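Below you'll find the structure, written out as structure tokens, and then a few comments.
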Amino acid sequence: MRSAIIVCAGNSSRFSGGRENKTLYLFEGKPIFLYSVELFQKLNFDLIVVVIKAEEKKSFDRYLSPQLKIAYGGLRRQDSVLNALDLVPPDSEVLIHDGARPFLTDKIVKNVLSEIKLKRCVVPAIKIEDTLRVEMDGKYTLLDRNKVFRMQTPQGCFAGELAELYKKFSHIDLSDDASAFEIEGLEVKFVEGDKRNIKITTKEDIKILQALL
């Protein structure tokens, strides 16, 4: 069984100061999150769960079909994902995706699915092309960009494993799903991502979407 969780319960603080959910922003007449929903539907995923804020349900309802499941967001991203995992069978392969990444592709999804195994989390990533430096004690040290990657979503694993790890490490703030696997000492496998799979963070990013389109 293959399931997808699309997370749309963030605060959008850098996008609108929290006044407008960026995943509901209409891009070419369609809310940003719906692009990802439609891709998972096209790829015949067995279960799709959309994670939203309870107070925004009416805004999402107009776009959600009865085939989709709804989970409500928590205080942190990991809490939101855990709420969604309650609706997913433990033995299902699951892909967790940011609702603010509308240009997800078939190839990325297939890359992730091809590498999912027990005790492994699969992450699409892209190499950094810029020269990078890190500030340490007032000095700027050059980083080896061949060893620096930009993480993307969807991140894939088995649903039951991720749920157990999120419960086990609930006292730690985790930035993504792979972090739980890393802390447990399990494998995190990188697969090829795509530069177009950008995450909308500010309204300036909409201009990038328009250019990509």
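Points worth noting:
- Taken together, Leu87, Leu82 contain a single residue that is surrounded by 14 or more Cβ atoms within 10 Å (Cβ to Cβ), in contact with a helix residue (DSSP H, G or I) (Cβ under 7 Å, 6 or more places away or on another chain) and among the aliphatic types (A, V, I, L, M), which is Leu82.
- Residue that is surrounded by the fewest Cβ atoms within 10 Å (Cβ to Cβ) [pool: residues in the range 119-135 that are modelled with pLDDT under 95 and of a type in the set (A, V, I, L, M, F, W, C)]: Val134
- When Leu162, Leu186, Leu212 are checked against the criterion of being modelled with pLDDT of 95 or more and under 25 Å from Phe40 (Cα atoms), a single residue qualifies: Leu162.
- Some residue of the range 176-183 being under 13 Å from Val81 (Cα atoms), part of a loop (DSSP other than H, G, I, E, B) and charged (D, E, K, R): yes
- Flag if Leu26 is hydrophobic (A, V, I, L, M, F, W, C), at pLDDT below 95 and closer than 25 Å to Val94 by Cβ: no
- For the range 195-213, the candidate set comprises residues that are of a type in the set (S, T, N, Q) and assigned to a loop (DSSP other than H, G, I, E, B); within that set, the residue that is nearest to Cys8 (Cα to Cα) is Thr201.
- For the range 95-108, a residue qualifies if it is buried (at least 23 other Cβ atoms within 10 Å of the Cβ), within 15 Å of Val37 (Cβ to Cβ) and either more than 15 Å from the chain's Cα centre (by Cα) or not charged (D, E, K, R) (or both), and the qualifying residues are Leu95, Ile96, His97, Gly99, Ala100, Pro102, Leu104.
- Given (1) in contact with a Leu (Cβ under 6 Å, 6 or more places away or on another chain); (2) polar (S, T, N, Q); (3) not in a helix (DSSP H, G or I), index of the condition Gln78 fails: (3)
- Of all residues making up the range 103-150, the number that are in a loop (DSSP other than H, G, I, E, B) and either farther than 30 Å from Gln41 by Cα or not polar (S, T, N, Q) (or both): 15
The values are calculated or read from the model by the stated rules, or taken from the named source; none is laboratory data. Values in this document were obtained by computation on a predicted structure and should not be read as measured data. Cβ: placed from backbone, ideal geometry, glycine included. Neighbour counts: every protein chain shown.
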